[in-house]
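Take a look at the structure below.
The values are calculated or read from the model by the stated rules, or taken from the named source; none is laboratory data. No experiment lies behind these values; they were computed from the predicted model shown. Here the Cβ is made from the backbone with ideal geometry for all residues, glycine too, and neighbour counts use every protein chain on show. SASA here: full protein model, heavy atoms, side chains in, ligands and nucleic acids out. Shrake-Rupley method; radii C 1.70, N 1.55, O 1.52, S 1.80 Å.
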Amino acid sequence: MTTILDPTDEREPVGRQRSRRPEQISGTVGLLDISKPRGNVLLDRLEELIHERLPEVEVRRYTKPTFTKPAPDELLRKMAGEVDFVIEGLAD
């Protein structure tokens, strides 16, 4: 069992099931930059690695307006309609 803490409010932990992991990655991957300093550097490198190791996978980039608030609903809907997976880049 894995315990994952939600950094937004740990006073009342919420139990969650881990999503089922696919056997292979295909389709489109979204890279979400949360607008923290140097997060784009991490995602730039990750995009390079995806292109090298999974050339058949399309990569789309997204950016939150600010790291201090959750992603706007419009951005979440856009990603949900355009990608199969999302990787969120956290960095300072």
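Restricting attention to segment 39-69 and to residues that are more than 15 Å from the chain's Cα centre (by Cα) and among the hydrophobic types (A, V, I, L, M, F, W, C), the residue that is surrounded by the fewest Cβ atoms within 10 Å (Cβ to Cβ) turns out to be Leu49.
For segment 70-92, filtering for residues that are part of a helix (DSSP H, G or I) and either open to solvent by less than 50 Å² (accessible area, probe 1.4 Å) or farther than 26 Å from Gln24 by Cα (or both) leaves 4. Scoring Lys36 on the criteria (1) touching a residue at least 24 places away in the same chain (Cβ under 8 Å); (2) surrounded by 14 or more Cβ atoms within 10 Å (Cβ to Cβ); (3) outside any loop (DSSP other than H, G, I, E, B) leaves a single failure, condition (3).
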